[in-house]
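The structure appears below as structure tokens.
The values are calculated or read from the model by the stated rules, or taken from the named source; none is laboratory data. Note that the structure is a prediction, hence the values are computed from the model and not measured. Here the Cβ positions follow ideal geometry from the backbone for every residue, glycine too, while neighbour counts run over all protein chains shown. To get the accessible areas, we keep the full protein, side chains included, count just its heavy atoms, and leave off ligands, DNA and RNA. Shrake-Rupley method; radii C 1.70, N 1.55, O 1.52, S 1.80 Å.
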Amino acid sequence: MIARVLPLLLVGGLACSALGQGTLAEYSGNGSSNTRPFSAPSGWEVQWNATGDIFQVYVFDMEGDLVEVAANQMGPGSGASFIAREGTYYLQVNAMGSWAIRVVQLPPQSATRLSGSISFSGDGIQNTRPFSVDGPWEVQWAASGDLFQVYVFSANGDLVDVMANQMGPGQGSSFQPRGGDFYLQVNAVGSWDLRVVPFR
């Protein structure tokens, strides 16, 4: 995966709060810091709200190895990113401005069954929630930035295909012949919208 990694910018405070139902961990802070570790079964999500010009989240295992880039958002806003694999992790947050993060366990069998289309939108890097499709399908997109890539992963986190690698803004589509349970990893600079549509 190609990711734009920026140097750590600001060192800010980090706070944890009481957990709600389905919430594995909650953190908030200002600037850059590493969270305390948390344990997650398979199929969880990082949800965020950030106020600054840069917000990045890197997922590390307890050996200090990078597992996933969960977010790379330019500008304020909220978002969410799915992580397939279970384990004990900590998050490295690289941000300008204040932010809040929730780590949420998704319900078992949470993949959306694709009957019509499913739409996703975001800014920068993030993973979609899983979806299930019986036969061939297509990804359709509109992207505003200098880079837009879409990787297809099986629901257990194995790379299946690279469906898009677009340089510059624009629209496009890409066909996938196999059905199954998948999620998409979007690696982008700038905002984007995409739809997953059954191919008929």
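Check the range 83-94 and report whether any residue there is touching a Phe, Trp or Tyr at 6+ places or on another chain (Cβ under 7 Å), touching a residue at least 60 places away in the same chain (Cβ under 8 Å), open to solvent by 20 Å² or more (accessible area, probe 1.4 Å) and in a loop (DSSP other than H, G, I, E, B). Within the range 83-94, not a single residue is touching a Phe, Trp or Tyr at 6+ places or on another chain (Cβ under 7 Å), touching a residue at least 60 places away in the same chain (Cβ under 8 Å), open to solvent by 20 Å² or more (accessible area, probe 1.4 Å) and in a loop (DSSP other than H, G, I, E, B). Just one of (1) farther than 24 Å from Q56 by Cα; (2) assigned to a strand (DSSP E or B) fails for R200. It is (2).
The condition of being in a strand (DSSP E or B), among the polar types (S, T, N, Q) and without any contact (Cβ under 8 Å) to a residue 60 or more places away in the chain holds for only one of Q126, Q149, Q140, that being Q140. If we keep just the residues of the range 79-103 that are more than 13 Å from G31 (Cα to Cα) and small (G, A, S), which is nearest to the chain's Cα centre (by Cα)? In this case the residue turns out to be S81.
All conditions in (1) out of contact with any Ser or Thr (no Cβ under 6 Å at 6 or more places or on another chain); (2) in contact (Cβ under 8 Å) with a residue 12 or more places away in the chain; (3) not aromatic (F, W, Y) hold for A71, with the sole exception of (1). Scanning the range 37-78 for residues that are within 21 Å of L184 (Cα to Cα), open to solvent by less than 40 Å² (accessible area, probe 1.4 Å) and outside any strand (DSSP E or B) yields a single hit, G43. Scanning the range 130-169 for residues that are among the β-branched types (V, I, T) and under 19 Å from S81 (Cβ atoms) yields V139, V150, V152, V160, V162.
Is it true that D181 is under 22 Å from P41 (Cβ atoms), open to solvent by 30 Å² or more (accessible area, probe 1.4 Å) and either part of a strand (DSSP E or B) or touching a Ser or Thr at 6+ places or on another chain (Cβ under 8 Å) (or both)? Quick ask: steps written out before the conclusion?
Values: under 22 Å from P41 (Cβ atoms): yes; open to solvent by 30 Å² or more (accessible area, probe 1.4 Å): yes; either part of a strand (DSSP E or B) or touching a Ser or Thr at 6+ places or on another chain (Cβ under 8 Å) (or both): yes.
So D181 passes the test.
Look through E26, E86 and report the one residue that is under 25 Å from P108 (Cβ atoms) and touching a Cys at 6+ places or on another chain (Cβ under 9 Å). If you could, list the steps in order and put the result at the bottom.
Numbers: E86 fails: touching a Cys at 6+ places or on another chain (Cβ under 9 Å).
Going through E26, E86 in turn, just one is under 25 Å from P108 (Cβ atoms) and touching a Cys at 6+ places or on another chain (Cβ under 9 Å): E26.
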